[in-house]
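The values are calculated or read from the model by the stated rules, or taken from the named source; none is laboratory data. Predicted model only: the values in this text are computed from it and were never measured. Don't worry about glycine lacking a Cβ; one is built from the backbone with ideal geometry, like all the others, and counts go over all protein chains shown.
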Amino acid sequence: MPRDADEQTTAKRSTVGSLYGAPQGEARPVGADEPEGLWVIRGGRPFHGGGQGFDPEGVEQLDYSNPHGLNIERVWFDGKIVFASESGELDIDPSVVKVAQEYQIVYDVQLDARGKLVRPATRVPNQFNIYDSIPGMAKYSPIWQFNYVVVPRSYVPNTLRSEADCLRSGYRIVRSNVFEN
């Protein structure tokens, strides 16, 4: 239980983020016999809670201290901004490994016969990448297959904010064999 009014206020508003966008809930202490669950960790003590949702502008309300120093990126999902970390490129067989789709908005991209980048794609500055799914969805995977959406130089960054926007945009989409975790 919170010891003072300041800690009590913090207990009600602070949660650990998820990509679910679930409503923010009250945090309550976790029983000593519970080995796992959806928890908030404060000062080394676990509390039930998590999943704080989005603000009115569609930005995920995430509290995250980044204890491992991961690179964090902002990504569009269904018109909302979510936060993600990446662990690097992988060589996988998508016929064996489940993958989700990530869209990167670019001015130019060139792939070789294996579907790998010949050189880095020319990205649209300040454009966030776009995910097709988030944890909890049937099609979600932590492995992302890159799809490059080729736009003209007149494109305004962050006009495309969802997979549906990309698919109905009329822009050329180049599916690669570039995978990232």
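Data table
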read-out: Subset of the stretch 122-137 that is under 17 Å from residue 60 (Cβ atoms) and among the β-branched types (Val, Ile, Thr) - its residue that is farthest from the chain's Cα centre (by Cα); value: 130
read-out: Pair list, Cβ under 9 Å, 6 or more apart: the stretch 156-178 residue within 13 Å of residue 124 (Cα to Cα), other residue acidic (Asp, Glu); value: 159/165
read-out: Unmet criterion (only one of (1) among the polar types (S, T, N, Q); (2) closer than 22 Å to residue 80 by Cβ; (3) over 22 Å from the mean Cα position of the chain (by Cα)) for residue 110; value: (2)
read-out: Failed item, numbered, when residue 127 is tested on (1) within 25 Å of residue 64 (Cβ to Cβ); (2) crowded, with 16+ Cβ neighbours inside 10 Å; (3) touching a residue at least 40 places away in the same chain (Cβ under 8 Å); value: (3)
read-out: Qualifying positions in the stretch 138-160 - part of a loop (DSSP other than H, G, I, E, B) and under 13 Å from the mean Cα position of the chain (by Cα); value: 140, 141, 142, 143
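Every residue, every condition in (1) exposed (fewer than 11 other Cβ atoms within 10 Å of the Cβ); (2) in the same structural domain as residue 176 (by TED's automatic domain parsing); (3) in contact with a Phe, Trp or Tyr (Cβ under 6 Å, 6 or more places away or on another chain), yes or no:
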{"position": "58", "(1), (2), (3)": "no, no, no"}
{"position": "96", "(1), (2), (3)": "yes, yes, no"}
{"position": "101", "(1), (2), (3)": "no, yes, no"}
{"position": "104", "(1), (2), (3)": "no, yes, yes"}
{"position": "107", "(1), (2), (3)": "no, yes, no"}
{"position": "119", "(1), (2), (3)": "yes, yes, no"}
{"position": "132", "(1), (2), (3)": "no, yes, no"}
{"position": "151", "(1), (2), (3)": "no, yes, yes"}
{"position": "160", "(1), (2), (3)": "no, yes, no"}
